[in-house]
Each structure stands twice: as structure tokens, then as C-alpha cells.
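**Student:** My questions all concern the structure below.
Each value in this text was obtained by applying a stated rule to the coordinates, not by laboratory testing. On a predicted model such as this, the values are computed, not experimentally measured, just so you know. Cβ atoms come from the backbone with ideal geometry, glycine included; neighbour counts cover every protein chain shown.
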Amino acid sequence: MKHYYFSAKNMCVGYDQRPLIKDIEITLQKGEILSLIGPNGAGKSTVLKSIAGQLKLLGGTAYLGEENLPAMKACDLAKKMSVLFTEKIRAELKTCRDVVATGRYPYTGWFGVLSGEDEQIVDEVMELIHITELSGQDFDKISDGQKQRVMLARAICQEPEIVILDEPTSYLDIKYKLEFLSVLQEMRVKKGLTVIMSLHELELAKIISDKILCLKGEYVLRYGAPDDVFTSDFIERLFDIREEDLKADEKLLAYIRQVGQV
């Protein structure tokens, strides 16, 4: 029997005991990237929140290795999984570096005091995400795109084995979409980071992903490798659009293809 780093079996998700999507089956090896695609309201965020433990599963289960994910203690899960959702947060009187540093809290004990090693990790991650220049700025006063990068740094600062991202390229311009993609590629290669995320950019999902999960309606419409999913007739059916509507910004696509070959 083949063993996977992450797997979901007969997973059912929803709100208030009302199922939204049933019989979700996912298998990922360590270091693979899974992208969830589908129309707005298809349930992508619900699936991600259910995997992250923010919503209780209505059926089935999910595993990290041999561990039953819903049964894991929060402190143990925080050392393996980090989460970045689209909800805007307020961090009154906190600098951007303060926000990034909270990613180290699973390792600091009750008093939340960062060690010299923690401080070094914070600095390295901020440099990796190219936000060092934001270090002393008030988090509440920077742009939405800058906040997204700070929160990505916070998630990576947690040194997770798996990261859950909901529309992580929202608010980012072409340059920072490219940098975000580069960071994910580097983290998966160097540290075996496993990624589960939702994306609107279909070409980005096609190039960066090992697996694609297509959501529309009560059940998963399709799950598999990008080449098996991204056929024009299927994408048209998934989004109720014409093939010519799928064309995205050519400059962005050129950047993405270049990085995807690294």
C-alpha cells in the first residue's frame, strides 16, 4: 500500500452540519503542490479551512503521514502546518517585523520570548520574501499587497512542513506574483514544503501545481495532474466560459513559465 504525506479520505465539508462538498479524496507526496480551482462560491475556502482545522469535518478524515489530522493537538499541528487566509487582520501598534515574528510562537513557550535563533530566522525569512525594508513600519498602514507579503513571511517563519494558502496572490502585482511563485518553488525543493492552496489564475495553477482539485457543485468535479485537468472543454464547463476568455496577461504568463522551468 502506497503511503502519502497528506491524504483525505471520504472527506465531507460544510457549515452548521450542512454538507457543501462530499467524498473528497486527496493524496499528496511530501513536497507536492495542490491547487484548488473553481468558480467563486464553489467551496474552495471551506475545503481549506476544514483541512486547517478551523471547520469541523462533517465526514471522513484527513491524515498527515500516519497522524489523524482532526485529532492532532493544536500545539503539535502548529509546528507542522501554517495557514494564510484572505481575511484581513488588524495588528494595532505592531510593526511588520512584529507580525512576522509571531510565526515563531509555536517554538517560544508560554512567554513568547524569541531566542537569538528565532530572531535570525525572522530576519532570513523577511529577506527571502523581500520585505526587510518594511521591518519597522506600522502593519496597519502598509498597502494590501504589502500586507499579503508580510503574512506570507509569517507563515513561512513558522517553518512548516505543509502550508495552507487561500488566494495567496490576491492584491499582488505581476512582480510579486513572480516572487511568490519563486519562493514556493524554492521552499518545496530545499525543504520539501507541501502546499495546498486556492488560485484564480489558471495558468499559474497549471504551471506550479502537481495536482489540481476542481470544485463545482456537491462533489469534486475532477482531481489529477494539470495536463489531465486543463483541457479547453473541461475548463469551459467548469467556469461556464469560452476558451478565448481564458487568456491572461501575457507578460505574467511569460514570467510564470520562465520560473516554472527552474
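**Student:** Apply the a/c threshold of 1.5 to the C-alpha gyration tensor of the range 127-170 and tell me whether it is rounded, prolate or oblate. Walk me through the numbers on the way to the answer.
**Tutor:** Working: a/c = 2.34, a/b = 1.43, b/c = 1.64.
Oblate.
**Student:** If you take the Cα atoms of the chain, find Rg, then find the Kirkwood Rh from the mean of 1/r over all pairs, what is Rg/Rh?
**Tutor:** My calculation of the ratio gives 0.96.
**Student:** GNM, the chain, Cα, under 10 Å: largest mean-square fluctuation among D76, D210, D123?
**Tutor:** D76
**Student:** So, one more: Rounded to the nearest 20 Debye, what is the dipole magnitude of the chain about its Cα centre when Lys and Arg each give +1 and Asp and Glu each give -1 at the C-beta? Please report the intermediate quantities before stating the final value.
**Tutor:** Numbers: 34 positive and 41 negative charges, 111 e Å.
Value, rounded to 20: 540 debye.
**Student:** Further, regarding this structure: With a cut-off of at most 11 other beta carbons within 10 Å, and DSSP calling the residue loop, which trypsin sites (Lys or Arg not before Pro) in the range 73-174 qualify? Please list them.
**Tutor:** On the way: sites: K73, K79, K80, K88, R90, K94, R97, R104, K141, K147, R149, R154; in loops: K73, K79, K80, K88, R90, K94.
Of the trypsin sites (Lys or Arg not before Pro), the ones in loops of the range 73-174 whose Cβ has at most 11 other Cβ atoms within 10 Å are K73, K88, R90.
**Student:** A further question on this structure: Check the straight Cα-Cα distances from K79 and name the aspartates and glutamates below 13 Å, setting aside those fewer than 8 residues away within the same chain.
**Tutor:** Correct list for K79: E159, E161.
**Student:** State whether the range 101-202 is rounded, prolate or oblate according to the following rule on the C-alpha gyration tensor (a ≥ b ≥ c being the square roots of its eigenvalues): a/c under 1.5 gives rounded; otherwise a/b larger than b/c gives prolate, and the remaining case gives oblate.
**Tutor:** oblate
**Student:** Let me ask another. Can you give the net charge of the other residues whose Cβ lies under 10 Å from the Cβ of K211, counting K and R as +1 and D and E as -1? Show your work: numbers first, answer last.
**Tutor:** Numbers: positive: none; negative: E32, D210, D228.
Summing Lys/Arg as +1 and Asp/Glu as -1 gives -3.
**Student:** What does the charge count near T169 come to, summing +1 for each Lys or Arg and -1 for each Asp or Glu among other residues with Cβ under 9 Å from its Cβ? Don't skip to the answer; put the middle values down first.
**Tutor:** Working: positive: K177; negative: E167, E201.
Residues close to T169 contribute a combined charge of -1.
**Student:** With the chain treated as a Gaussian network of Cα nodes joined by springs under 10 Å, which of L134, L48, L215 yields the largest mean-square fluctuation?
**Tutor:** So, out of L134, L48, L215, the one fluctuating most is L134.
**Student:** Could you work out the relative contact order of the chain, using alpha carbon pairs under 8 angstrom and six or more residues apart, expressed as a whole percent?
**Tutor:** 25 percent
**Student:** Another question, if that's okay. Once you order the gyration tensor axes a ≥ b ≥ c over the Cα atoms, which shape class does the range 2-91 get: rounded for a/c under 1.5, otherwise prolate or oblate by comparing a/b with b/c?
**Tutor:** Working: a/c = 1.36, a/b = 1.11, b/c = 1.23.
Cα axes put the range 2-91 in the rounded bin.
**Student:** From the residues V113, S143, A155, which one has its Cα farthest along the dipole of the range 107-156 in the positive direction, the dipole being from +1 and -1 charges on Cβ of Lys/Arg and Asp/Glu about the Cα centre?
**Tutor:** After comparing all options, I get S143.
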